[in-house]
Amino acid sequence: LSDPAARMAVDRAVAGLIGIGNVCRSDDNARALGDKDGLMAATVLLCTHPLSFVQHAALGALNNLVKLQDNKPKALSAGALDALTAVLFDPQGPLQYLACSCLRILASAGEAHRDLHRHIATDARVRERVVHLTKSEVMAARGEAMRLLATVVKTARVAELIVPIATNGGVDAFVRMLQEEHPLFKCEGMIGLAVVSAAGDECEALLLTND
């Protein structure tokens with residue numbers, strides 16, 4: 001940024017976002033920040049800022065804010081789903097990782113966030129992107145994309161949302177999770193496969209033919 005005033009404004013925004021991310025590590029602080037008028041909307045908006053270092057700070061702050069259950073619906077109401085979906089298509093691995101992580105945290109709320117599950121499971125463009133990221137060479141992005149798919153099938157609880165993921169690369173992703181070194185991936189991969197196996201004959205047949 002060549003304009004000193006613009007640079008100062010950006011620096012202040014980033015400093016504020018980093019502060020939010022650090023302060024809201026406690027539930028009480030996260031609740032207070034989530035209740036502050038305009039803060040969630042501004043944080044979500046900055047997730048798609050044209051400068052990647054601003055995006056990174058905003059995504060980090062949003063990740064910590066939505067770890068509090070009460071803040072999840074506030075983030076979604078502020079447009080987090082569209083913002084995070086846009087970031088999924090960014091070419092930078094660290095941003096992909098943070099977007100997948102935040103979507104995973106939001107998806108973990110279960111049936112309360114059915115629209116999010118449906119968005120990932122039935123929007124072919126979004127689903128294909130997440131599945132593509134499960135093959136990323138960037139381990140952080142790959143791992144969070146895998147965990148996102150596993151979380152969606154685990155919390156969606158209905159075949160109409162599980163089957164589209166399972167039959168469009170989800171099973172392969174869960175199998176690859178079993179091959180990751182970290183026990184967390186192995187555990188979540190096994191859970192994903194177990195849920196898929198109970199989702200219907202099509203999924204069961206797919207599992208039986210998977211090498």
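Results, tabulated for the structure shown:
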| read-out | value |
| --- | --- |
| Of all residues in segment 6-44 being over 21 Å from the mean Cα position of the chain (by Cα) and basic (K, R), the one that is least open to solvent (accessible area, probe 1.4 Å) | R7 |
| Close pairs (6 angstrom Cβ cut-off, 6 or more residues apart or separate chains): under 21 Å from K67 (Cβ atoms) and modelled with pLDDT of 95 or more in segment 77-97, among the small types (G, A, S) and not in a loop (DSSP other than H, G, I, E, B) anywhere | A78/A41; L84/A99; V87/A99; L88/A99; Q96/A141; Y97/A140; Y97/A141 |
| Of all residues making up segment 152-169, the number that are in a helix (DSSP H, G or I) and either more than 19 Å from I105 (Cβ to Cβ) or open to solvent by 10 Å² or more (accessible area, probe 1.4 Å) (or both) | 11 |
| Residues satisfying the stated conditions in segment 149-198, i.e. among the hydroxyl-bearing types (S, T, Y) and touching a residue at least 24 places away in the same chain (Cβ under 8 Å) | T151, T155, T167 |
| Of all residues making up segment 122-151, the number that are under 22 Å from V44 (Cβ atoms) and open to solvent by less than 20 Å² (accessible area, probe 1.4 Å) | 8 |
| Near pairs, Cβ below 6 angstrom, 6+ apart or cross-chain, from segment 20-44 (within 12 Å of K72 (Cα to Cα)) to any residue that is open to solvent by less than 10 Å² (accessible area, probe 1.4 Å) and not hydrophobic (A, V, I, L, M, F, W, C) | G34/N71 |
| Subset tally (residues that are under 16 Å from R127 (Cα atoms), open to solvent by less than 40 Å² (accessible area, probe 1.4 Å) and not in a helix (DSSP H, G or I)) for segment 58-108 | 1 |
| Of all residues making up segment 170-196, the number that are farther than 15 Å from R142 by Cβ, open to solvent by 50 Å² or more (accessible area, probe 1.4 Å) and more than 19 Å from the chain's Cα centre (by Cα) | 3 |
| Filter result (part of a helix (DSSP H, G or I) and either farther than 14 Å from T85 by Cα or of a type in the set (S, T, Y) (or both)) within segment 118-140 | T122, M139, A140 |
| Residues within segment 22-57 that are basic (K, R) and assigned to a helix (DSSP H, G or I), tallied | 1 |
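The values are calculated or read from the model by the stated rules, or taken from the named source; none is laboratory data. This one's a predicted model, so the numbers in the text were calculated from it and none came from an experiment. For neighbour counting, all protein chains shown are included, and Cβ atoms are generated from backbone atoms with ideal geometry for every residue, glycine included. For accessibility, only protein heavy atoms count, side chains too; no ligands or nucleic acids. Shrake-Rupley method; radii C 1.70, N 1.55, O 1.52, S 1.80 Å.
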